[in-house]
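Okay, structure first, notes after.
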Ligand SMILES: C[S@@+](CC[C@H](N)C(=O)[O-])C[C@H]1O[C@@H](n2cnc3c(N)ncnc32)[C@H](O)[C@@H]1O
């Protein structure tokens with residue numbers, strides 16, 4: 001089994017598609033800010049014909065994903081311990097991913113911190129960069145203000161076109177944070193766009 005943690009030889013060199021997974025004909029999905037990786041691992045178990053790359057800045061969470069993926073003997077999961085905007089803007093190859101999941105990103109609820117939210121117009125360009133044409137961007141948050149701001153930005157962008165959320169019978173496991181918010185009775189907001 002190749003190593004599950006993807007450690008760049010050189011953080012200033014662009015990855016090639018084959019640096020992530022050697023068989024570049026298989027669809028690749030990105031889970032940005034993947035946390036403890038429950039969603040990532042379950043998706044990889046459910047779809048052995050696709051490859052999954054998680055991006056997470058906290059080393060402890062990355063280590064847990066490595067342990068879980070090894071235990072489940074998954075060879076279609078890799079995880080990168082790195083800042084997500086840098087990964088999407090610079091490190092990952094353009095047009096490498098068929099789907100990108102941004103699930104419960106840190107909401108930065110205070111007004112003075114709102115500029116730290118991931119869904120800023122410049123990051124939309126980075127999301128667009130890594131998706132293949134007609135690739136999909138899926139977003140979920142429990143935070144109503146963040147959802148309103150993020151959907152307004154993405155809906156106004158010529159880079160993306162909003163499409164319906166997934167059919168109810170399509171496999172899409174809940175994430176660790178989603179389970180937490182659901183247990184507290186929070187409303188979950190979801191949106192999906194196609195890359196233009
Ligand atoms: C609220 S948690 C959600 C985790 C997971 N997606 C879920 O739904 O359970 C947000 C995650 O994004 C990670 N994160 C936040 N900012 C990041 C950044 N700039 N680069 C990479 N990871 C980041 C955090 O460390 C955390 O694990």
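Taking 0.36 nm per residue of separation and subtracting the Cα-Cα distance, full extension of the segment from residue 166 to residue 148 would add 4.5 nm.
A quarter of the convex hull surface defined by the alpha-carbon atoms of the chain gives 11.0 nm² as the mean projection. Look at 11, 146 and count the other Cβ atoms within 10 Å of each Cβ; fewest to most, that gives 11, 146.
Placing a label point 7 Å from the Cα of residue 159 along the Cα-to-Cβ direction, the residues of region 93-127 with a backbone N closer than 13 Å are 94-95, 118-127. Were the residues from residue 16 through residue 49 laid out at 0.36 nm apart, the gain over their Cα-Cα distance would be 9.8 nm.
Only DSSP H runs of four or more residues enter the estimate; each adds -39500 (n - 2.57), and after division by the residues of the chain the mean residue ellipticity at 222 nm equals -8500 deg cm²/dmol. Going by neighbour counts of Cβ atoms within 10 Å, the residues 175, 38, 24, 141 line up, fewest first, as 24, 38, 175, 141. Taking the DSSP beta bridges with both ends in the chain, the antiparallel portion is around 30 percent.
Measuring nothing but how far apart in sequence close Cα pairs (under 8 Å, 6+ apart) lie, relative to its length, the chain scores a relative contact order of 22 percent.
Calculate the length of the line joining the C-alpha centroid of region 1-17 to that of region 144-183, in whole Å. Cα centroid of region 1-17 versus Cα centroid of region 144-183: 29 Å apart. Principal-axis analysis of the Cα atoms of the chain puts helix 121-130 at an angle of about 30° to the longest axis. The long axis of helix 59-71 is offset from the longest Cα principal axis of the chain by roughly 60 degrees.
Extension gain for residue 1 to residue 89 (0.36 nm times residue separation, less C-alpha to C-alpha distance): 28.8 nm.
Just so you know, all these numbers are worked out from the coordinates, no wet-lab data involved. Because the structure is a prediction, the values reported are computed rather than measured. Here the Cβ is made from the backbone with ideal geometry for all residues, glycine too, and neighbour counts use every protein chain on show.
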